[in-house]
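In what follows, a structure is listed as structure tokens, so that the remarks can point back to it.
Read-outs: derived from the displayed coordinates by stated rules, not from any lab. All of these numbers come straight from a predicted model, not from anything done at the bench. Cβ sites come from the backbone with ideal geometry, for glycine too, and all protein chains shown count toward neighbours.
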Amino acid sequence: MTTRREFLVVVGAAVSAGAVVPACGAPDGPVDAGNVADIAEGQVMKVVGGGVLLGRDAGGLYAMTSFCTHLGCDLTESGGVVGEDGVITCGAPCGHGSRYDFDGNVLGGPAANPLKHWLLTVADDGAITVEVGSEVDAAERVIVA
Ligand code: FES
């Protein structure tokens, strides 16, 4: 078993050697994000465990990372609030009050950057899959009936 000290030494050596140490968050890849029938127009839902926020507006479906661009708190966990007022808040105990609109744009810091949008697909039965790590333009939508 690797001790904490041994782990820190290995990570420190990797950083010193110029290696990229991945940030905390959900691993890249497909995430089951429920079904189209479960999300109404005008909503943003938390996909707990997937590191994803799923949204639907007049244009269709879209998905965003749920990791705050300030220090990476997961907006699907404690302190992350998706309000009915169209505001997503990164609150205590993890977050520091950053606010985003339902498109992931920053309304108030300390976060300075918007939430990234991920590619999503919808199967014939309405099942939604989000490809975490596959970034798309924030204006992209998947049209649903
Ligand atoms: S991590 Fe979200 S505001 Fe600091």
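Would you please give the residues with an amide H less than 5 Å from that of L107, counting only those at least 5 places away or on a separate chain, with H modeled from the backbone geometry?
R99, Y100, D101
Starting at 0 and stepping by 5 Å, how many percent of the alpha carbon pairs of segment 25-136 end up in each bin?
Answer for segment 25-136: a P(r) of 2, 14, 25, 26, 19, 10, 3, 1, 0 percent.
Work through the residues other than G55 whose Cβ is under 12 Å from its Cβ and net out their charges, Lys, Arg +1 and Asp, Glu -1.
Here the charged neighbours net out to -2.
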